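Written out below as structure tokens is the structure these notes cover.
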Amino acid sequence: MRSVCVYCGTRAGNEPRFEAVAEAAGRAVARAGYRLVFGGGTAGLTGIVARAAQAEGGRVLGVIPEFLIPSEGALDGIELRKVATLGARKSMMIAESDAFLALPGGTGTLEEVFDLLTRRNLGLENKPVAFVDTEFWAPFSTLLDHVVRYAFTDAALVDGLSFEPDVDAALAALEMAIKTRG
């Protein structure tokens, strides 16, 4: 595994634990020697993740649509790729990443996760995905189980996901999935 994409909010949320998990994720990705791939902005959890990876001397790739730079900012001192659309951003982030780590976030984070899961469901991607469930992703996991129960997707889609209690366990799950996949 060379690059880990982190999906998370451009807001920090209303619980200090969300900021703590974002900082832990950025530091852990950098310490493990992986390049961090993220949405490119400075706001919220996304900015915290990237700055934490930078502080550890990690390599950071940000991918941001040009129209978002005025509202989200663009982090200095990283490799920054500017794209025209949100779709181009998602595609580039997926192409540049070997695995995905989902932290708390809003509709943009959910949309990125659903896009990736749809690509997995269609057989277009098979990269591992881990969710750091700091009492945030449990309802999402329940929703996915519900979708499987009513036969709107195959159980294999959900079985290929990992819901972990902390960043270290999530990274370990991604590493194991990469090794198992070969």
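The values are calculated or read from the model by the stated rules, or taken from the named source; none is laboratory data. Owing to the predicted nature of the structure, the values given are computational and were not obtained by experimental measurement. Here the Cβ positions follow ideal geometry from the backbone for every residue, glycine too, while neighbour counts run over all protein chains shown.
Against the condition surrounded by fewer than 20 Cβ atoms within 10 Å (Cβ to Cβ) and part of a helix (DSSP H, G or I), how does residue 77 come out, does it pass? Judged against the criteria, residue 77 is not a match.
Here residue 113 meets the list (1) in contact with a Pro (Cβ under 6 Å, 6 or more places away or on another chain); (2) under 17 Å from residue 11 (Cβ atoms) almost entirely, failing just condition (1). Looking across region 72-122 at every residue that is touching a strand residue (DSSP E or B) at 6+ places or on another chain (Cβ under 8 Å) and polar (S, T, N, Q), the one that is nearest to residue 139 (Cα to Cα) is identified as 109.
Filter region 80-104 down to the residues that are surrounded by 16 or more Cβ atoms within 10 Å (Cβ to Cβ), of a type in the set (Val, Ile, Thr) and more than 12 Å from the chain's Cα centre (by Cα) and list them by number. 83 - this is the single residue of region 80-104 that is surrounded by 16 or more Cβ atoms within 10 Å (Cβ to Cβ), of a type in the set (Val, Ile, Thr) and more than 12 Å from the chain's Cα centre (by Cα). Residues in region 123-161 that are closer than 21 Å to residue 96 by Cβ and small (Gly, Ala, Ser): 123, 130, 160.
Going by the structure shown, is residue 33 touching a Lys or Arg at 6+ places or on another chain (Cβ under 9 Å), under 20 Å from residue 178 (Cβ atoms), at pLDDT 95 or above and surrounded by fewer than 20 Cβ atoms within 10 Å (Cβ to Cβ)? Taking the combined requirement at face value, the residue satisfies it.
Would you be able to tell me the number of residues in region 70-84 that are within 20 Å of residue 52 (Cβ to Cβ) and touching a residue at least 24 places away in the same chain (Cβ under 8 Å)? The total comes to 6.
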